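One structure is given here, and the rest of the page talks about it.
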Amino acid sequence: MWVCVLVMGHNTRDSVGCASIAVFAFADHVLPAPTSLDYKWISLFTLNLTWSWNRPENLPPSCVVEYFIHPVDHKKSNAKTTQTYYSDDYLTEEVPSDWWELSVQTTTSCSGWNRSQPVIKTITRPKKRVELVKDFKCYIDNKSPNCSWIPVNPSTKVDVSYRYHGEKEEGSKGVQKCADAYWSLGRGGCFLKANSFLPVLVVAESPTGIASFEAKLVIGVTKLSVKEEEGYLSLAWSLPAVGQMCTWTYCLWYKECNKDIPPQCYDIKGNETKTIPYKKCCEYKIQYNLTTTAHCPKVTSDNSKVTTYGNTMPCIQTNMVAIVLPILFCFCVFLSIYCFNRNKDILCPKIPNHYEIKSLIRDKKPQTGIVMPEPVENTESVIAIPNKCLYEA
């Protein structure tokens, strides 16, 4: 390659020089694409991909090759593997289609090597995707988890199979039939043979198609105990039947004096307690539910029944007492004065003096009967004779 260089010198003539420069440019290599891409359904919801790949002779042995698997036009996560095969679950709730495309590319972290062109394969489900069941949930409190659902069409026979998460390599061997089928209150049901605290993948199958999904795991609500502590209510729950090492999120909503309090959620592990403000003049109606946090398999509970605590009859508020009592007191005083003035002659009669009493007694003496003579003072008559003593001998 020839390169011309313009040289600018001080107090010298400008000059242009050309020199020959050898440039060694290495173009990046492109990895070969996978070949013989094929697939097989090893169960009604587990797909196994296989392919071949020829390693270039000039690719250093230290370069690790990975294969990038990408579901085209779907939200399912991408994946990587160093093997020339890959298995994954493609549930109808994740990929809501009867066919879709998967691409596989070869990649490496070694410099100078670019990923290959993608190889695309069209995937078709073994059976048509149909909606067969609704509200499918499994109660896992007991040794034999109880699963139930609402059939979309009660006249259609539905076979339910399941597999615990993480057993996809076993293929159809890991899939089990749901045992002891029953029908109750408009819901179909069956029991799982083992109780593992793991997500449960379910496939519902009918002669016309399939539906595959992850079952909703449910437990019964734990028991709530309420204790009053210095202006607060201390709330404590019994441990769940499963996942006792997990942290659980308790969402609580309640009424205080028939006023709805906004829901509050707490992360609780083990025997931890939570408190809420308490007013002695209020009745509290408490409800709650619980669910696991992100570090454990997703398990939820139904809403609890209402737990009632506190006074059923509200107390009179302090400010109301401060207003009503003085008014009531003044009214009572006024009423007392009025009644006293109205009946003062009865309540406080005038006491007569002794002359009035004597006159009253005299006036009230009976006019008939024995008349007592009035007392007369004894008197002696004396005749005075002039010039004579009374007692002359």
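Rundown of residues vs (1) of a type outside the set (S, T, Y); (2) in a strand (DSSP E or B); (3) outside the structural domain of P297 (by TED's automatic domain parsing), yes/no style:
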position: K137; (1), (2), (3): yes, yes, yes
position: K143; (1), (2), (3): yes, no, yes
position: W149; (1), (2), (3): yes, yes, yes
position: N153; (1), (2), (3): yes, no, yes
position: C190; (1), (2), (3): yes, yes, yes
position: A211; (1), (2), (3): yes, yes, yes
position: L235; (1), (2), (3): yes, yes, no
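Which of the residues that make up segment 176-196 are surrounded by fewer than 16 Cβ atoms within 10 Å (Cβ to Cβ) and in contact with a Cys (Cβ under 9 Å, 6 or more places away or on another chain)?
K177, A179, D180, A181, Y182, K193 - these are the residues of segment 176-196 that are surrounded by fewer than 16 Cβ atoms within 10 Å (Cβ to Cβ) and in contact with a Cys (Cβ under 9 Å, 6 or more places away or on another chain).
Could you tell me whether segment 155-167 includes any residue that is surrounded by 12 or more Cβ atoms within 10 Å (Cβ to Cβ), under 30 Å from P34 (Cα atoms) and over 32 Å from the mean Cα position of the chain (by Cα)? I'd like the intermediate steps shown before the answer.
The initial filter retains those residues of segment 155-167 that are surrounded by 12 or more Cβ atoms within 10 Å (Cβ to Cβ), namely 156, 158-167.
Right, trim to under 30 Å from P34 (Cα atoms) and you get 165-167.
Add one more test, that the residue is over 32 Å from the mean Cα position of the chain (by Cα), and what stays is none.
No, because not a single residue in segment 155-167 is surrounded by 12 or more Cβ atoms within 10 Å (Cβ to Cβ), under 30 Å from P34 (Cα atoms) and over 32 Å from the mean Cα position of the chain (by Cα).
Has segment 35-43 got any residue that is at pLDDT 95 or above, over 30 Å from S161 (Cβ atoms) and in a loop (DSSP other than H, G, I, E, B)?
No: segment 35-43 contains no residue that is at pLDDT 95 or above, over 30 Å from S161 (Cβ atoms) and in a loop (DSSP other than H, G, I, E, B).
Pairs please, first residue from segment 255-272 and acidic (D, E), second anywhere and surrounded by 12 or more Cβ atoms within 10 Å (Cβ to Cβ), Cβ atoms under 7 Å, 6+ apart in sequence or on different chains.
E256/K279; E256/C282; E256/Y284; D267/T247; D267/T249; D267/T293
Scan segment 136-150 for residues that are polar (S, T, N, Q) and either in contact (Cβ under 8 Å) with a residue 60 or more places away in the chain or under 22 Å from L239 (Cα atoms) (or both) and jot them down.
Just the residues of segment 136-150 that are polar (S, T, N, Q), to begin with: 142, 144, 146, 148.
Hits for segment 136-150 are N142, S144, N146.
Of the residues S109, S116, S103, S144, only one is of a type in the set (S, T, Y) and within 30 Å of G189 (Cβ to Cβ); which?
Details: S109 fails: within 30 Å of G189 (Cβ to Cβ); S116 fails: within 30 Å of G189 (Cβ to Cβ); S103 fails: within 30 Å of G189 (Cβ to Cβ).
S144 is the lone residue from the list that is of a type in the set (S, T, Y) and within 30 Å of G189 (Cβ to Cβ).
Out of (1) surrounded by fewer than 18 Cβ atoms within 10 Å (Cβ to Cβ); (2) in contact (Cβ under 8 Å) with a residue 12 or more places away in the chain, what's the single condition that is false for P61?
The one condition P61 does not meet is (2).
For E66, are the conditions met, namely being modelled with pLDDT of 95 or more, out of contact with any Gly (no Cβ under 6 Å at 6 or more places or on another chain) and surrounded by fewer than 18 Cβ atoms within 10 Å (Cβ to Cβ)? Show your work before the answer.
On the way: modelled with pLDDT of 95 or more: yes; out of contact with any Gly (no Cβ under 6 Å at 6 or more places or on another chain): yes; surrounded by fewer than 18 Cβ atoms within 10 Å (Cβ to Cβ): yes.
The answer is yes for E66.
Among what's in segment 99-116 and is in contact (Cβ under 8 Å) with a residue 24 or more places away in the chain and of a type in the set (S, T, N, Q), pick the residue that is surrounded by the fewest Cβ atoms within 10 Å (Cβ to Cβ). Before the answer, list the steps.
Pass one, segment 99-116, residues in contact (Cβ under 8 Å) with a residue 24 or more places away in the chain: 99-110, 112-116.
In the following step, the residues that additionally are of a type in the set (S, T, N, Q) were identified as 103, 105-109, 114, 116.
On the way: S103: 17, Q105: 18, T106: 23, T107: 16, T108: 18, S109: 9, N114: 12, S116: 20.
Among those residues, the one meeting the criterion is S109.
When you check L102 against the structure, is it among the hydrophobic types (A, V, I, L, M, F, W, C), in a strand (DSSP E or B) and in the same structural domain as S52 (by TED's automatic domain parsing), yes or no?
On the way: among the hydrophobic types (A, V, I, L, M, F, W, C): yes; in a strand (DSSP E or B): yes; in the same structural domain as S52 (by TED's automatic domain parsing): yes.
Against the criterion (among the hydrophobic types (A, V, I, L, M, F, W, C), in a strand (DSSP E or B) and in the same structural domain as S52 (by TED's automatic domain parsing)), L102 qualifies.
Go through (1) of a type in the set (S, T, Y); (2) at pLDDT below 50; (3) crowded, with 17+ Cβ neighbours inside 10 Å for S20 and report which single condition fails.
With (1) of a type in the set (S, T, Y); (2) at pLDDT below 50; (3) crowded, with 17+ Cβ neighbours inside 10 Å applied to S20, the lone miss is (3).
Here is a list of conditions, (1) modelled with pLDDT of 90 or more; (2) more than 16 Å from E205 (Cα to Cα); (3) of a type in the set (F, W, Y), and Y164 meets all of them except one; can you say which number that is?
That leaves (1) as the condition not met.
Any residue that is free of Cβ contacts under 8 Å to residues at least 24 places away in the same chain, surrounded by 12 or more Cβ atoms within 10 Å (Cβ to Cβ) and polar (S, T, N, Q) - is there at least one of those in segment 230-253?
no
So, in segment 25-58, how many residues would count as being farther than 18 Å from P118 by Cα, surrounded by 10 or more Cβ atoms within 10 Å (Cβ to Cβ) and free of Cβ contacts under 8 Å to residues at least 24 places away in the same chain?
The number of residues fulfilling the criteria is 1.
Is there any pair linking a residue in segment 117-135 that is within 30 Å of W53 (Cα to Cα) to one that is assigned to a loop (DSSP other than H, G, I, E, B), with Cβ under 7 Å and at least six apart or on different chains, and which?
Partner pairs satisfying both residue conditions: Q117/A33; V119/A33; V119/P34; T124/D98; R125/D98; P126/L44.
Could you tell me which numbered condition S103 fails, if it satisfies all but one of (1) modelled with pLDDT under 95; (2) in contact with a Pro (Cβ under 9 Å, 6 or more places away or on another chain); (3) not hydrophobic (A, V, I, L, M, F, W, C)?
The single condition S103 does not satisfy is (1).
When segment 213-225 is examined, which residues are found to be more than 18 Å from the chain's Cα centre (by Cα) and in a strand (DSSP E or B)?
So in segment 213-225, the residues more than 18 Å from the chain's Cα centre (by Cα) come out as 213-215.
Correct list: F213, E214.
The values are calculated or read from the model by the stated rules, or taken from the named source; none is laboratory data. No experiment lies behind these values; they were computed from the predicted model shown. Cβ coordinates were reconstructed from backbone atoms using ideal geometry, including for glycine residues, and neighbour counts include every protein chain displayed.
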